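What follows draws every value from the coordinates through simple rules; no lab data is involved. Computed from a predicted structure; not experimentally measured. Cβ placement follows ideal geometry from the backbone for every residue including glycine, while neighbour counts extend to all protein chains displayed.
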Amino acid sequence: MFKRLDDTGATVSLKVDGKPIRARAGDTVAGAMLAAGVEHFRTTPVTESPRAPYCLMGVCFDCLVAIDGVGSRQACLIEVREGMAVETQLGKREAGR
Amino acid sequence: MNASDLASSYELVVIGGGPAGLAAAALAAKAGVQTVLFDENPGVGGQIYRGIGTTPVRNRAILGEDYWAGAALASEARASGATIVNGATVWSLDPNRLVGVSISGQARMIQAQRVIVATGSMERPFPIPGWTLPGVMTAGAAQTALKAQGLVPTGRTIIAGCGPLLWLLAAQLLRAGAGIEAILDTTPRINWLKAAMHLPDFALSPYWSKGLALLREVKAKVPVIAAHRIVAHGKDKLAEVVFATGTGERRMTADLLLLHHGVVPNVNLAMAAGVAHRWNGRQLCFEPAVDADFGTSVHGIAVAGDGAGIAGGTAAAERGRIAALAVIQTLKPGATVPNMQMMRQTLAREEMGRAFLDALYQPAPSFRRPVGDTIACRCEEVTAKQVRDTADLGCEGPNQMKAFLRCGMGPCQGRLCGLTITELIAEQRRSTPQEVGYYRLRPPVKPITLAELASLPKTEAERKAVER
Ligand code: FES
């Protein structure tokens, strides 16, 4: 859906659902995922339909993912960090996450 | 900066690091007011100057000179002595100006003598069939991706809606080398008649020549099609956009659909603090009732920038300065400050063209008050029909509607459905949005984990109260 205008700059590597992706330092998690071609960020708790970022500015919450074990984080507001483990979220949040 | 580095109280807390927040913090701090600015994004700039100072977009022509003007604001704020904290989510603000903020998982309660809420605007909900599909985004989202990360859409992109930002985004995407299949222009024809009376003022405003140049630039490269009904189709993601034109239905395959119907104030924090809001019939949204200095119904809390009613980035900065000046006059009466009259003049000039834009780009009722299975509340997946039927059953307002349908109770806390629900209820009950009102909002206005709450420092007395 998106490509990078400029591919230079420091890179950071993180994992999305176990798969390694490379991001640009300073990317938000959502931006890095979109650039890596991730199409679905979560499924909804009600009908389990797929969602991806809608607003990229912190208001819609469709970008919710689990980051380093903490569920329902807004991927569009959080900056990537080396070694970050991101998981897309399925349906309801599981207890303890 | 960590939460533990914060003082327990500040003379001024500014919430939001867009033009209003940056200008307010800079002016106040320079006058000696002890100021902290909290912003939830990784960097300052707000949405309009998103990524200023860090954007990978080096060719200045792509984003345009208006964007780069943000650099001066940001460096002024940085040099002012204000403490600027990014990645700081404000989840609570009460009428006594106690601010709940969370920074990298650590929460703190900060007492402020004065608060300037500069949380800006968000895009108006655009509830059409299929608007929850991956591949459907707001125009602002694409703009954010471009500014902050240098991301450009690939594949078939369609832009739909109306408003000045739509044309700006189209121009920026084209300059960045993206292809745009079509712009579906939803401006209702009748709006031209309503806007005509405001044309003389608009012709004198800074928007006039800039706007015309943008229109020309975009129309030379992209087909613009008038459309009055738009549907996004696809199974797991967008595949096709179907739209109604004056000459019948058309369909286009698409990978990305960018929607835009103007921006509206982001009211959640101010409303949760108890600030009185009213319906703006011209901009079709709720906005805080403010005085000439952007003070609100709650003592010591001001709302500046687009959060106080949409007027654009330059106006936002002036509003921020005016709000800051009021703070300086109370807390540091001796300080030397710039001339308030000049600020008010710039503000007036900026606000001048607004009436024309508001009238011309008022989205059609069918795009604000959906019907049938179209989703009104994205989080809880509540349809327009459910809301209308429940209103017919006697449900009088948005808060009761929550109890019936759970609309507005998902993670976005009503941000993406609030206006739709209010307008739907008003229509079904033959009432007005002012009469129907908005969701009652309560803190926390952003989700916060128990661990974050538990990280709040406790006093000896508080600990004793729960120990036996
Ligand atoms: S994409 Fe809307 S909140 Fe992140």
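Let me know the mean shielding of A:74-83 by other chains, meaning the per-residue number of their Cβ atoms within 10 Å of its Cβ.
3
Roughly how many debye, to the nearest 20, is the charge dipole of chain A about its Cα centre, given +1 on each Lys and Arg Cβ, -1 on each Asp and Glu Cβ, and no other charges?
80
Cα to Cα, under 19 Å, and not fewer than 8 places away if on the same chain: which aspartates and glutamates meet these conditions relative to residue A:19?
Partners found: A:27, A:39, A:68, A:79, A:82, A:87.
Within chain B, count lysine pairs with alpha carbon atoms under 24 angstrom apart where the residues are 8 or more positions apart or belong to different chains.
13
Just want to confirm a number: the relative contact order over chain B, from Cα pairs under 8 angstrom separated by 6+ residues, in percent.
With pairs under 8 Å counted, the relative contact order is 19 percent.
What's the average, rounded to a whole number, of partner chain beta-carbon atoms within 10 Å of each residue's beta-carbon in B:407-418?
The mean count of partner-chain Cβ atoms within 10 Å per residue comes to 3.
Using packing as a proxy for protection, rank B:294-304, B:250-260, B:331-341 so that the peptide with the highest average count of other Cβ atoms within 10 Å comes first.
B:294-304, B:250-260, B:331-341
Rounded to whole Å, give me the distance from the Cα center of the stretch B:322-357 to that of the stretch B:188-205.
Going from one Cα centre to the other spans 27 Å.
Enumerate the amide H contacts of residue B:37 below 5 Å, restricted to partners 5 or more residues apart or on another chain; note that Pro and chain-start residues carry no placed amide H.
Placed amide hydrogens put B:14, B:83, B:84, B:85 under 5 Å from residue B:37.
Provide the percentage of antiparallel DSSP beta bridges, counting only those with both residues in chain B; round to the nearest 5.
50
Taking every residue in B:128-138, how many Cβ atoms of other protein chains lie within 10 Å of its Cβ, on average?
Details: counts 0, 0, 0, 1, 9, 5, 12, 3, 2, 9, 7.
The per-residue average across the peptide is 4.
From the phi of every residue in the stretch B:42-57, what ³J(HN,Hα) in whole Hz does the Karplus formula 6.51 cos²θ - 1.76 cosθ + 1.60 yield, where θ is phi - 60° and glycine or proline is x?
Per-residue couplings from phi come out as x, x, 7, x, x, 7, 5, 10, 3, x, 4, x, 10, 4, x, 7 Hz.
Could you give each residue of the stretch A:67-78 its phi-based ³J(HN,Hα) in whole Hz, using Karplus coefficients 6.51, -1.76, 1.60 with θ = phi - 60°, and x for Gly or Pro?
10, 6, x, 9, x, 6, 9, 7, 4, 7, 10, 9
Please list the non-local residues whose amide H lies under 5 Å from the amide H of residue A:60, H modeled 1.01 Å from N, same-chain partners needing a gap of 5 or more.
A:55
Which order do peptides A:43-50, A:79-86, B:76-83 fall in by mean Cβ count within 10 Å, highest first?
Ranked from most to least packed, the peptides come out as B:76-83, A:79-86, A:43-50.
Just to check I understand the Karplus step: with θ = phi - 60° and J = 6.51 cos²θ - 1.76 cosθ + 1.60, what whole-Hz values come out for the stretch A:17-29, glycine and proline as x?
With the stated coefficients, the stretch A:17-29 comes to 6, x, 8, x, 10, 10, 10, 8, 4, x, 4, 7, 4 Hz.
Treat each spin label as a single point 7 Å out from the Cα along the C-beta direction, and report the residue B:332 to residue B:392 distance in nm.
For the pair residue B:332/residue B:392, the computed spacing is 6.1 nm.
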